[in-house]
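Let me begin by presenting the structure, written as structure tokens, before commenting on it.
The values are calculated or read from the model by the stated rules, or taken from the named source; none is laboratory data. These figures come from a predicted structure and were not determined experimentally. Positions of Cβ are generated from backbone atoms using ideal geometry, with glycine treated the same way; all protein chains shown enter the neighbour counts. In case anyone asks, the SASA skips ligands and DNA or RNA and just uses the protein heavy atoms, side chains included. Shrake-Rupley method; radii C 1.70, N 1.55, O 1.52, S 1.80 Å.
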Amino acid sequence: MRNRDFAGTPVGAVGLGCMGMSWAYAESERDDDASVALIREALDLGVTFLDTAQPYGDGHNETLVGRALAGRRDEAVLATKTGLVVESLATREIVRNGRPEHVKASAEDSLRRLDTDVIDLYYLHRVDPDVPLADTWGAMAELVAEGKVRRLGLSEVSVAQAAEAHAIHPVAAIQSELSLWTRDAMGQPAAESAGAGAVSGAGEAGDVVGWCAANGAAFVPFSPLGRGFLTGTVTAADFEDGDFRGANPRFQEEALKANLRIVDVVKTVAERHGATPAQVAIAWTLAQGDHVIPIPGTKKQRYLRDNAAAADLDLTETDLAELDAVPAAVGGRY
């Protein structure tokens with residue numbers, strides 16, 4: 001696999017989001033042993049940029065990743081997060097907590113669950129509006145000084161918030177949703193024609209992708225496959241109980257049917273290259289800059305291999321023009 005640079009360290013151009021192995025999507029398919037094997041195969045394929053977080057199964061996912069990395073920890077660049085707390089696992093109720101004391105305590109918990117001495121990349125999962133960002137970020141910077149964390153990142157922030165944090169301690173990465181149907185992080189507001197479910201204020205974060213390029217930070221797109229939609233395998237609003245997408249506005253029947261227009265374009269480009277729609281969707285995110293490292297998630301080995309191969313797909317200017325022109329998604333992100 002081709003590599004990309006993360007803070008001076010080469011990593012596979014396509015990373016792995018591990019959340020779905022523990023919760024949110026088709027939880028009836030959860031299989032810890034299979035997920036451990038998948039993570040280990042990812043390393044074999046050169047997929048070395050791994051992403052987890054404390055809320056993913058209320059600690060379950062960190063423990064799972066730690067188990068998978070036993071004996072192979074030095075092969076991975078390992079990212080986890082602080083700032084969100086699961087109040088109820090059953091309802092997936094999550095609250096924000098950016099207090100310095102929580103940041104410090106949650107880091108210790110993550111180190112224990114991951115069975116590691118140091119976290120390569122520690123994100124602030126969401127900014128807590130009740131705590132000054134400088135206080136939260138300052139506590140995270142102290143973890144770097146203590147040798148418990150190597151690099152710091154932010155998730156779902158604006159350009160202004162990124163700049164505020166960067167002035168205190170370098171921002172090594174920003175993780176936000178980015179895909180062919182979610183371009184807020186590029187400063188592209190949703191079209192007014194996107195329908196009643198469109199996110200109000202989309203694009204107000206500014207061009208976060210561009211800010212990262214200008215400031216030496218990686219940009220890490222989560223959900224580059226549109227929560228599975230851009231693979232072309234989701235054609236009806238038919239999800240098992242508890243699947244996050246069952247209540248997501250973009251996956252409701254009317255919106256889903258309208259959004260299939262986006263998939264039609266992806267399929268056309270895929271056929272041109274003898275590739276899969278998933279590979280085209282991931283390759284589009286990679287084409288947004290050499291600093292972009294997408295982290296598609298999967299529980300299935302055949303999809304892991306498919307996603308990893310996207311690193312070697314070169315889209316033409318014609319392909320990119322067609323993909324850039326796809327219609328705005330109908331329905332909000334959440």
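For (1) of a type outside the set (G, A, S); (2) farther than 26 Å from M1 by Cβ; (3) modelled with pLDDT under 95, each residue gets a yes or a no:
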site: G274; (1), (2), (3): no, no, no
site: A287; (1), (2), (3): no, no, no
site: K299; (1), (2), (3): yes, no, yes
site: D312; (1), (2), (3): yes, no, no
site: E322; (1), (2), (3): yes, no, no
site: A329; (1), (2), (3): no, yes, yes
site: Y334; (1), (2), (3): yes, yes, yes
Can you confirm whether D74 is assigned to a loop (DSSP other than H, G, I, E, B) and of a type outside the set (S, T, N, Q)? no
How do the pairs read when you match residues in region 285-301 that are assigned to a loop (DSSP other than H, G, I, E, B) with residues anywhere that are among the aromatic types (F, W, Y) and crowded, with 18+ Cβ neighbours inside 10 Å, using Cβ under 6 Å and keeping only pairs 6 or more apart or on different chains? H291/F219; I293/F49; I295/F222
Residue list for region 82-105, restricted to those being closer than 27 Å to E27 by Cβ and open to solvent by less than 10 Å² (accessible area, probe 1.4 Å): T82, G83
Residue count for region 302-334, restricted to those that are in a helix (DSSP H, G or I) and of a type outside the set (S, T, N, Q): 17
It is to be established whether one or more residues within region 109-126 are within 20 Å of the chain's Cα centre (by Cα) and of a type in the set (S, T, N, Q). yes
Out of (1) at pLDDT 95 or above; (2) surrounded by fewer than 20 Cβ atoms within 10 Å (Cβ to Cβ); (3) assigned to a loop (DSSP other than H, G, I, E, B), the one D238 does not meet is (1)
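Condition check ((1) closer than 19 Å to Q175 by Cα; (2) of a type in the set (A, V, I, L, M)) across all residues:
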residue	(1), (2)
G15	yes, no
A37	no, yes
V47	yes, yes
H60	no, no
Within 19 Å of the chain's Cα centre (by Cα) and surrounded by fewer than 14 Cβ atoms within 10 Å (Cβ to Cβ), is that true of D306? no
Given the criterion part of a strand (DSSP E or B) and either in contact (Cβ under 8 Å) with a residue 24 or more places away in the chain or over 15 Å from the mean Cα position of the chain (by Cα) (or both), identify the matching residue among V36, V47, V11. V11
If a residue must be touching a Leu at 6+ places or on another chain (Cβ under 6 Å) and open to solvent by 20 Å² or more (accessible area, probe 1.4 Å), how many such residues does region 33-61 contain? 1
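Residues checked against (1) assigned to a loop (DSSP other than H, G, I, E, B); (2) crowded, with 24+ Cβ neighbours inside 10 Å; (3) at pLDDT 95 or above; (4) touching a helix residue (DSSP H, G or I) at 6+ places or on another chain (Cβ under 9 Å):
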site	(1), (2), (3), (4)
A198	yes, no, no, yes
G201	yes, no, no, no
G210	no, no, yes, yes
P224	yes, yes, yes, yes
G246	no, no, no, no
L256	no, no, no, yes
D264	no, no, yes, no
V280	no, yes, yes, yes
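Residues that are closer than 28 Å to I39 by Cα, among the acidic types (D, E), modelled with pLDDT of 95 or more and open to solvent by 50 Å² or more (accessible area, probe 1.4 Å): does region 124-147 have at least one? Walk me through how you get there before you give the answer.
Quick first cut of region 124-147, residues closer than 28 Å to I39 by Cα only: 124-126, 140, 143-144, 147.
Restricting the remaining residues to those that are among the acidic types (D, E) gives none.
No - not one qualifying residue is present in region 124-147.
When you check G242 against the structure, is it closer than 25 Å to T80 by Cβ and over 20 Å from the mean Cα position of the chain (by Cα), yes or no?
Judged against the criteria, G242 is a match.
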Can you pull out the residues in region 148-170 that are open to solvent by 10 Å² or more (accessible area, probe 1.4 Å) and polar (S, T, N, Q)? S158, Q161
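From the list A107, A90, which residue is in a loop (DSSP other than H, G, I, E, B) and out of contact with any Gly (no Cβ under 7 Å at 6 or more places or on another chain)?
Details: A107 fails: in a loop (DSSP other than H, G, I, E, B).
Residue meeting the stated conditions: A90.
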Name the one entry in G332, G289, G297 that is open to solvent by less than 20 Å² (accessible area, probe 1.4 Å), within 26 Å of I94 (Cβ to Cβ) and either more than 20 Å from the chain's Cα centre (by Cα) or among the small types (G, A, S) (or both). G332
